[in-house]
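A.B. asks: Let me begin by handing over the structure; questions about it come next.
Values in this text are rule-based calculations from the coordinates and carry no lab data. These numbers were taken from a predicted model, which means no experiment stands behind them. We place every Cβ from the backbone using ideal geometry, glycine too, and count neighbours over all the protein chains shown.
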């Protein structure tokens, strides 16, 4: 990761991430740990698209899936008591929505290439929702 990528990550962390993190915490009902492997997300040549891509690939699907789960008190209680953490990474180079989300032992892992199928948000929402719903 070079200076251009470092600056783009820093801009995302400063301007976009706090709002997204706050939405996640509000929906979950607690300030659960959110671990983001920024170095793995920061692919060279895409720095000018990080905010759009990270938001569409990881955060919008996560937030919309949490909103679907938290629609009633049963869902909110399940999130608050059973979701213990979230990990966002690009370890496998996964680009298919249906294989990106895994919920195991209280941890939701979102593993997807940050610059592939960026606008397939609805498919990632459904995959994330199903992983959470089955896990909690």
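A.B. asks: Give the span of the range 3-135's Cα atoms along each principal axis, as three whole-Å numbers ordered largest to smallest.
C.D. replies: Extents along the principal axes: 45, 28, 23 Å.
A.B. asks: Then there is this: What FRET efficiency comes out for residue 99 versus residue 52 if R0 is 30 angstrom and r is the Cβ-Cβ distance? Round to the nearest 0.05.
C.D. replies: So the FRET efficiency works out to roughly 0.85.
A.B. asks: By how many degrees, between 0 and 90 and to the nearest 10, does the Cα long axis of helix 73-82 differ from the longest principal axis of the chain?
C.D. replies: With rounding to tens, the tilt is 60 degrees.
A.B. asks: Related question: With r as the distance between the Cβ atoms of residue 133 and residue 30 and R0 = 22 Å, compute the FRET efficiency 1/(1 + (r/R0)^6) and round to 0.05.
C.D. replies: 0.70
A.B. asks: Gain in length, residue 82 to residue 23, computed as 0.36 nm per residue apart minus the alpha-carbon separation, to one decimal in nm?
C.D. replies: Once the chain is fully extended between residue 82 and residue 23, it gains 19.5 nm.
A.B. asks: Under a GNM of the chain (C-alpha, springs under 10 Å), which listed residue has the highest mean-square fluctuation: 74, 27, 41?
C.D. replies: Top of the fluctuation ranking is 74.
A.B. asks: In deg cm²/dmol and to the nearest 500, what is the mean residue ellipticity at 222 nm of the chain if only DSSP H runs of at least 4 residues count, each as -39500 (n - 2.57), divided by the residue total?
C.D. replies: Value at 222 nm, helices only: -13500 deg cm²/dmol.
A.B. asks: Let me ask something additional. Given an 8 Å cut-off on Cα distances and at least 6 residues of separation, report the relative contact order of the chain as a percent. List each step's numbers first, then the result.
C.D. replies: Working: 208 pairs, mean separation 37.6, N = 136.
So the answer I get is 28 percent.
A.B. asks: Ordered by packing density, taken as the mean number of other Cβ atoms within 10 Å over each peptide's residues, highest first, how do 9-22, 78-91 rank?
C.D. replies: Put in order of decreasing packing, that is 78-91, 9-22.
A.B. asks: Have a look at the DSSP beta bridges in the chain and tell me what percent are antiparallel, nearest 5.
C.D. replies: 35
A.B. asks: Would you give the gap between the C-alpha center of the range 81-115 and the C-alpha center of the range 22-62, rounded to a whole Å?
C.D. replies: Comparing the Cα centres of the range 81-115 and the range 22-62, I get a distance of 11 Å.
A.B. asks: Working from Cα positions, state the angle (0 to 90°, nearest 10) between the long axis of helix 17-28 and the longest principal axis of the chain.
C.D. replies: 10
A.B. asks: Using Cα atoms only, what is the angle between the long axis of helix 121-135 and the major principal axis of the chain, expressed in degrees (0 to 90) to the nearest 10?
C.D. replies: 40
A.B. asks: With springs only between Cα atoms under 10 Å apart, run a GNM on the chain and tell me which of 119, 111, 72 wobbles the most.
C.D. replies: It is 72.
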